[in-house]
Amino acid sequence: MSLVPLVAKIAADSGCQDRSRCEAALLEAQQRHGSLVLAILEADLVDEVLFAENLAKATGLEFLPEAQIDLSQPLHTRFPARLALRHRLLPGRIDGQDVCLMTYDPFDIDARQAVGRDLHKRVTWAVSTRYQIVEGLRLGYGVGAEHFDELLEGREGGADDDEMVQEINVLDAEDEEASVMNFVNQIFREALKERATDIHVEPLERDLRIRYRVDGSLVEVTVPPNIRKLQASLVSRLKIMAQLDIAERRLPQDGRINLQLDGEPVDVRVATIPSVNGESVSLRLLTRQKYDMAMLGLDAKSEGQIRQLLAMPNGIILVTGPTGSGKSTTLYTFLKQLNTKDTRIVTVEDPVENKLDGVVQIAVKPEIGLTFASGLRSILRGDPDIIMVGEMRDVETTEIAIRGALTGHLVFSTLHTNDAVGGITRLTEMGIEPFLVASSVRCFLAQRLVRSLCPHCKRPARNLDSDELDRIHFPKDEALRAGIHEAAGCRSCRETGYRGRMAIMEICIVSPALHDMITARASTSDLRRQALLDGMLPLRQHGWEKVGAGLTTIEEVLTNAGE
């Protein structure tokens, strides 16, 4: 039996129902001399575990459902990283001159020839799933390991000598293209694959740590051993990409990198920080987003309130919350809704995080005198309809924004406060007259981000304690309590139980009653009481509704929504 019919039969035995798609995928792979097994897996036509098991039976090889990998010793010292990663071969049992290699494609002749040519050991072969092999390689070798060995080839000497050699390699055109650049690109590629928003390259006393921020949480990345030897090369490469001064290591620097992955642009904000162990580099990954209301995850009532606010001809809408709570994303979403051909929108930001087509965006540059206040002053002379100020940091900026709102402009901005009503107190404490706050601000919107439960593995919460729910003031609504789910963990969410994030909001609209109380300098507790009477849903209550809908967990709301 030739190979194509054999793989087609294995696919059919593994649950493939769409015979025409299977044949088309195999034919295309055959024409471009690609992997037939990979074509079936990438077309998502079969159950991966069953397919791997049937592959093992058809080829007479052992099937290993779990990737058997020994991490007690560094894997790269026992099996070449280039060979393992290029051909997706996971070394399992290694005993002297004997090695067991796991593959998800036992028909890969190139891999067998490479092993026979480069590896002088007795080899036995086994079949495992693609997921287990890719995960095993990631844990065993670390990100960018296929390029790491190339970088270390020919390097000798101690730590001081290594640092000097690294600088020379960074400035050498051939090495830059062939090795360091590939290593850096692999770090970016892995981060974007993992949906990371930030990459942190952090020198430790005896190591170099790389961490990704995924769904708001930091995740340490497995890196090749001895990566500290390439610290200077890696940092210098990133600084060159960001057009920073590679000779300046004593002062912080900021820059940007423009990347493209699969045709999609990625804007990277770069910040270097000198530390006692060397320069730390933080990379903020900004991918192009749709900025539609659906991504905010609002319920019908909250969305209705937001749309009414956006329809107002003037006034200030303030989004409050700590750093990293999604305030900028919310403001961009509002602007996207209002961005029409007959509306002029101008923003002043520090920095411009995402570019919006049709919107005039100004980045502040204090070193040349372009501050929020001066930028906002010039915006008001430029005939805008809608203005966005990145943050109300000082009295001058706030007063100019209020003046703009009172003269017929719709103004959006942010404040760092813990809740919506706290925004009122913050403005008056800054020295803004209460009557100006009451007259200009239409709404204070507090926001937090909570992680969304993975839809593939979430499960109804078990062992719920009714007394504990009462203690945290979870509503006694039986429907809400019946909808509580918990995180489980699967391959889709990297065993975390969460995938993506959503916003929970506290919308405080300045009603006539609240307007009068602000003008009369009422206390914060009285202002909050009135806002609740006006229908404001507290942050935690909004979070409980998300929990009852099975979208997030009690722990996420407790962690992010405060009291």
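The values are calculated or read from the model by the stated rules, or taken from the named source; none is laboratory data. Only a predicted model underlies this, so the values are computations on that prediction, with no experimental measurement involved. Glycine also receives a Cβ, built like all others from the backbone with ideal geometry; neighbour counts cover every protein chain displayed. When the accessible area is computed, the model is the full protein with side chains, heavy atoms only, and any ligands, DNA or RNA have been set aside. Shrake-Rupley method; radii C 1.70, N 1.55, O 1.52, S 1.80 Å.
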*Neighbourhood net charge (15 Å Cβ-Cβ; Lys/Arg +1, Asp/Glu -1) for PRO366*: -4
*With the Cα gyration tensor of region 323-373 giving a ≥ b ≥ c as the square roots of its eigenvalues, does the rule (a/c under 1.5 for rounded; else a/b larger than b/c for prolate; else oblate) give rounded, prolate or oblate?*
oblate
*State the percentage of accessible surface on region 98-146 attributable to carbon and sulfur atoms; use a 1.4 Å probe and exclude ligands, DNA and RNA.*
48
_Restricting region 334-417 to trypsin sites (Lys or Arg not before Pro) in coil, as DSSP defines it, with at most 12 other Cβ within 10 Å_ = LYS341, LYS355, ARG381
*Which lysines does LYS336 reach when only Cα atoms under 29 Å apart count, and residues fewer than 8 places away in its own chain are ignored?*
LYS193, LYS290, LYS301, LYS327, LYS355, LYS365, LYS546
*Can you tell me how much longer the chain between GLU367 and GLU303 gets when fully stretched, taken as 0.36 nm per residue apart minus their C-alpha distance, in nm with one decimal?*
19.0 nm
_I'd like to check one number: the per residue accessible area of the chain, probe 1.4 Å, reported in Å² as a whole number._
49
*Of PHE188, LEU436, LEU285, which is farthest on the positive side of the dipole of the chain, counting Cα position, with +1 on Lys and Arg Cβ, -1 on Asp and Glu Cβ, and the Cα centre as origin?*
LEU436
*Using DSSP to define loop residues, name the GluC sites (Glu not before Pro) in region 190-264 whose beta-carbon has at most 14 other beta-carbon atoms within 10 Å.*
GLU205, GLU248
*Between the DSSP loop rule and a limit of at most 12 other Cβ atoms within 10 Å, which trypsin sites (Lys or Arg not before Pro) in region 5-50 are left?*
ARG32
*Quote the charge dipole size of the chain about the Cα centre in Debye, to the nearest 20; the model charges only the Cβ of Lys and Arg (+1) and of Asp and Glu (-1).*
1080
*Let me know the charge dipole size of region 316-398 about its Cα centre in debye, to the nearest 20, where only the beta-carbon of Lys, Arg (+1) and Asp, Glu (-1) is charged.*
140
*Which of the peptides 550-556, 257-263 is most tightly packed, and how do the rest follow, going by the mean number of other Cβ atoms within 10 Å of each residue?*
550-556, 257-263
*asked:* Among 111-122, 504-515, how do they line up by average Cβ neighbours within 10 Å per residue, starting with the highest?
replied: 504-515, 111-122
*What dipole magnitude, in Debye to the nearest 20, does region 287-355 give about its Cα centre under +1 on Lys/Arg Cβ and -1 on Asp/Glu Cβ?*
180
_Per-pair calculated FRET efficiency, R0 = 60 Å: ARG86 and MET293 via Cβ, rounded to 0.05_ = 0.85
*Report the extension gain between ASP526 and SER378 in nm, rounded to one decimal, defined as 0.36 nm multiplied by the number of residues separating them, less their alpha carbon distance.*
49.5 nm
*Just from its helices, what would the mean residue ellipticity at 222 nm be for the chain, if runs of 4 or more DSSP H residues each count -39500 (n - 2.57) and the sum is divided by every residue, rounded to the nearest 500 deg cm²/dmol?*
-11500 deg cm²/dmol
*Sticking with the crude label model, points 7 Å out along Cα→Cβ, report the distance from ALA271 to LEU3 in nm, one decimal please.*
5.1
*Separation between the HIS515 and ASN185 pseudo-spin-labels, each 7 Å from Cα along Cα→Cβ, expressed in nm?*
6.0
*Post the alpha-carbon centroid distance, region 377-442 to region 233-258, in whole angstrom.*
36
*Between GLU62 and LEU38, what FRET efficiency comes out of the Förster formula 1/(1 + (r/R0)^6) with R0 = 25 Å and r the beta carbon distance, rounded to 0.05?*
0.75
*What number comes out for the charge environment of ARG462, summing +1 per Lys or Arg and -1 per Asp or Glu over other residues with Cβ under 15 Å away?*
-1
*asked:* So for region 330-405, averaging the separation of alpha carbon pairs under 8 Å that are six or more residues apart and normalising by length, what relative contact order in percent results?
replied: 31
*asked:* I need the shape label for region 293-429. Rule: rounded when a/c is under 1.5, else prolate if a/b > b/c, else oblate, with a, b, c from the alpha carbon gyration tensor.
replied: rounded
*asked:* In region 1-124, if the dipole is taken from +1 on Lys/Arg beta carbons and -1 on Asp/Glu beta carbons about the Cα centre, which of GLN97, THR59, ALA24 is farthest to the positive end?
replied: GLN97
*Which of rounded, prolate, oblate describes region 380-451, given a ≥ b ≥ c as roots of the alpha-carbon gyration tensor eigenvalues and a/c under 1.5 marking rounded, otherwise prolate only if a/b is larger than b/c?*
oblate
*How much FRET efficiency would the formula 1/(1 + (r/R0)^6) give for THR425 and LEU261, where r is the Cβ-Cβ distance and R0 is 45 Å, rounded to 0.05?*
0.55
*Local charge sum around GLU53 (other residues, Cβ-Cβ under 12 Å, Lys/Arg +1, Asp/Glu -1)?*
-3
